[in-house]
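Peer 1: One structure coming up, written as structure tokens, with questions to follow.
The values are calculated or read from the model by the stated rules, or taken from the named source; none is laboratory data. Worth saying up front: this structure is predicted, and the values here are computed from it rather than measured. So basically every Cβ, Gly included, is an ideal-geometry build from the backbone, and we count neighbours across all protein chains shown.
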Amino acid sequence: MKRKEPMRFIDPHIHCISRTTDDYEALAAAGVVAVIEPAFWQGQPRTEAGSFKDYFAMLVGWERFRASQFGIRHYCAIGLNSKEANNPKLAEAVIDMLPLFLGKEGVVALGEIGYDDQTEIEDKYFRVQLELAKEVDLPVMVHTPHRDKKQGTTRSMDVIEEHGIAPGRVVIDHNNEETVQEVLDRGFWAAFTIYPKTKMGNERMVEVVKKFGTERIIVDSSADWGVSDPLAVPKTARLMLERGITPKDVETVTYSNALAAYGQSGQIKEEHWADAPGIDQRDLFAGNSVLRGQDPRVGGGIIE
Ligand SMILES: [Zn+2]
């Protein structure tokens, strides 16, 4: 399908520190203008609280800079993930350091938090962090469990309501056809992660939009260190257009809704990319560059 204006996208859930500069270049070429990187676990559990501190500092610091060097605006969500909440000694220390990071520039939500195995201790730290989100007045990004998803999703929303957080301030992520109706009925944002082969594929996402419409529906990649596709958002958009969904509706679920949901933080705004100066890879972050001795790109060209 030909359009005069190139489409632009936001991927509101992607773990960029696990991705390469090739991915950033591909994202920018595909029209992704901004990404949101929620704090999560790293494939193996951290053993020291200090590892979280450096990780959070990287999300608000180096990674934000690294993305900018490839023309992508980078935002993040800060929180204690459900999996590592199961280590009580670490969990307490991480909770204590969260307020320091939640107030940093570019932090658009508290997240991703919620349930993994739905243990008692996960429940405890989910609730502690919901209270913290109220205190710092940030939206919340909720990770729903991959096992017992339906029940875990319902339980997450019950707990959020119990803590008096407005559903319009909360994005429930990793939905599927089984969970979406209830999430929408209860007034929450419903995000869908597009996995390359299993779980939600992009064909299924087309059907979800055809059936449920576009209101409060958000598409993301959740690309990380595992088998995943950082281009899931633009690829799904393309398939939607091919299947007859209007460009306006595609834009709603791959751009505007994410901006509206996380824009409630006051930290992510369209003018950040609309009025942004071009790329200048001569820039440094704390004295360090992304170039590794290569020629810098400035604007569209390469300076030799
Ligand atoms: Zn994630």
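Peer 1: I need the full set of residues from the range 255-288 which are over 20 Å from the mean Cα position of the chain (by Cα), loosely packed, with under 14 Cβ neighbours inside 10 Å and under 25 Å from LEU102 (Cβ atoms), in order please.
Peer 2: ALA276, ALA286
Peer 1: Tell me, yes or no, whether the range 125-141 has at least one residue that is under 28 Å from LYS89 (Cβ atoms), within 15 Å of the ligand (Cβ to nearest atom), in contact (Cβ under 8 Å) with a residue 40 or more places away in the chain and not β-branched (Val, Ile, Thr).
Peer 2: yes
Peer 1: Right, another one. Just one of PRO145, PRO167 is more than 25 Å from ASP224 (Cα to Cα) and within 18 Å of the chain's Cα centre (by Cα); which is it?
Peer 2: PRO167
Peer 1: Then there is this: Would you be able to say whether some residue in the range 66-86 is aromatic (Phe, Trp, Tyr), more than 26 Å from ILE160 (Cβ to Cβ), more than 16 Å from the ligand (Cβ to nearest atom) and surrounded by fewer than 23 Cβ atoms within 10 Å (Cβ to Cβ)?
Peer 2: Within the range 66-86 (the criterion being aromatic (Phe, Trp, Tyr), more than 26 Å from ILE160 (Cβ to Cβ), more than 16 Å from the ligand (Cβ to nearest atom) and surrounded by fewer than 23 Cβ atoms within 10 Å (Cβ to Cβ)), the answer is yes, since at least one residue qualifies.
Peer 1: Another question, then. Restricting attention to the range 24-52, report how many residues are touching a Leu at 6+ places or on another chain (Cβ under 8 Å) and within 16 Å of the ligand (Cβ to nearest atom).
Peer 2: Count: 5.
Peer 1: Another question, if that's okay. So, in the range 240-278, of the ones that are modelled with pLDDT under 95 and of a type in the set (A, V, I, L, M), which residue ends up nearest to TRP189 (Cα to Cα)?
Peer 2: ALA274
Peer 1: Do we have ILE10 as closer than 15 Å to ALA237 by Cα, of a type outside the set (Lys, Arg), within 16 Å of the ligand (Cβ to nearest atom) and outside any helix (DSSP H, G or I) here?
Peer 2: Taking the combined requirement at face value, the residue satisfies it.
Peer 1: Here is a further query. I'm told VAL171 meets every condition in (1) in contact with a Pro (Cβ under 8 Å, 6 or more places away or on another chain); (2) modelled with pLDDT under 95; (3) of a type in the set (A, V, I, L, M) except one. Can you identify the failing condition by its number?
Peer 2: (2)
Peer 1: Tell me, which helices (runs of 4 or more DSSP H) wholly within the range 30-146 include 3 or more residues that are farther than 30 Å from THR236 by Cα?
Peer 2: 49-60, 88-102, 120-136
Peer 1: Please determine whether any residue of the range 247-270 is without any contact (Cβ under 8 Å) to a residue 40 or more places away in the chain and among the acidic types (Asp, Glu).
Peer 2: yes
Peer 1: For VAL171, indicate whether it is closer than 27 Å to TYR75 by Cα and either more than 15 Å from the ligand (Cβ to nearest atom) or touching a Leu at 6+ places or on another chain (Cβ under 8 Å) (or both).
Peer 2: On the way: closer than 27 Å to TYR75 by Cα: yes; either more than 15 Å from the ligand (Cβ to nearest atom) or touching a Leu at 6+ places or on another chain (Cβ under 8 Å) (or both): no.
Spelling it out, it is not the case that VAL171 is closer than 27 Å to TYR75 by Cα and either more than 15 Å from the ligand (Cβ to nearest atom) or touching a Leu at 6+ places or on another chain (Cβ under 8 Å) (or both).
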